[in-house]
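Colleague: Below are the structure tokens for one structure; questions will follow.
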């Protein structure tokens with residue numbers, strides 16, 4: 001599972017840990033869409049990023065992106081607009097404060113802009129992994145049942161080994177988080193951040 005981990009061929013991949021999701025002045029914070037479970041993730045994950053880098057590994061941040069369209073209105077999927085009607089101009093826009101990785105984790109070695117749940121859907125992530133010889137991803141972030149689950153499943157389809165951090169990801173509903181971990185257990189090892197940190201040390 002983690003015993004034969006080669007740090008040089010491993011990357012920590014975080015999903016959507018950016019200001020518009022986590023910062024009080026971000027899009028979700030302004031809309032009152034906050035979660036203590038989500039807010040706790042960066043501090044829990046940071047030691048893993050430091051430990052992996054110290055052993056020659058890589059930290060990659062995948063960040064949800066709303067591409068500005070005509071008049072600055074975001075190009076947003078209809079289902080997401082219905083689910084999150086508060087999203088508007090400037091939210092999750094490339095180069096903006098809200099789009100940026102949270103300070104507790106910044107900077108990443110590589111940043112991936114993603115327009116859907118999966119960090120592997122129409123992004124340059126797979127190219128970077130192949131170019132660097134990375135074949136294992138340690139994955140955390142939000143939401144467990146959204147971007148995290150989609151990325152784990154897409155990696156599985158591409159024969160990219162994954163290790164999922166059980167307490168390094170979160171959902172707004174803890175029951176949904178727990179159920180998603182159960183469903184993903186058939187395709188990825190699942191460990192705590194403390195267990196992963198011990199393996200890296």
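Colleague: Check off (1) surrounded by fewer than 23 Cβ atoms within 10 Å (Cβ to Cβ); (2) in contact (Cβ under 8 Å) with a residue 40 or more places away in the chain; (3) outside any loop (DSSP other than H, G, I, E, B) for residue 179 and give me the number that stays unchecked.
Modeller: (2)
Colleague: A further question on this structure: State whether one or more residues within the range 104-115 are under 19 Å from residue 9 (Cβ atoms) and out of contact with any strand residue (DSSP E or B) (no Cβ under 9 Å at 6 or more places or on another chain).
Modeller: No, because not a single residue in the range 104-115 is under 19 Å from residue 9 (Cβ atoms) and out of contact with any strand residue (DSSP E or B) (no Cβ under 9 Å at 6 or more places or on another chain).
Colleague: May I pose another question? With the condition kept exactly as written, say whether any residue in the range 90-113 is closer than 18 Å to residue 149 by Cβ and over 16 Å from the mean Cα position of the chain (by Cα). Break it down stepwise before answering.
Modeller: Applying the first criterion (closer than 18 Å to residue 149 by Cβ) to the range 90-113 yields 112.
Retained after the next criterion (residues that are over 16 Å from the mean Cα position of the chain (by Cα)): none.
No, the range 90-113 contains no residue that is closer than 18 Å to residue 149 by Cβ and over 16 Å from the mean Cα position of the chain (by Cα).
Colleague: Of all the residues that make up the range 151-162, how many are surrounded by fewer than 19 Cβ atoms within 10 Å (Cβ to Cβ) and either modelled with pLDDT under 95 or part of a loop (DSSP other than H, G, I, E, B) (or both)?
Modeller: Looking only at that region, the number is 2.
Colleague: Has the range 163-175 got any residue that is without any contact (Cβ under 8 Å) to a residue 60 or more places away in the chain, over 24 Å from residue 65 (Cα atoms) and surrounded by 15 or more Cβ atoms within 10 Å (Cβ to Cβ)?
Modeller: Within the range 163-175, one or more residues are without any contact (Cβ under 8 Å) to a residue 60 or more places away in the chain, over 24 Å from residue 65 (Cα atoms) and surrounded by 15 or more Cβ atoms within 10 Å (Cβ to Cβ).
Colleague: Residues in the range 171-201 that are touching a helix residue (DSSP H, G or I) at 6+ places or on another chain (Cβ under 8 Å) and within 24 Å of residue 57 (Cα to Cα): how many?
Modeller: 9
The values are calculated or read from the model by the stated rules, or taken from the named source; none is laboratory data. A quick note: this is a predicted structure, and the numbers were derived from the prediction, not measured. With ideal geometry, Cβ positions are generated from the backbone for all residues, glycine too; neighbour counts draw on all protein chains shown.
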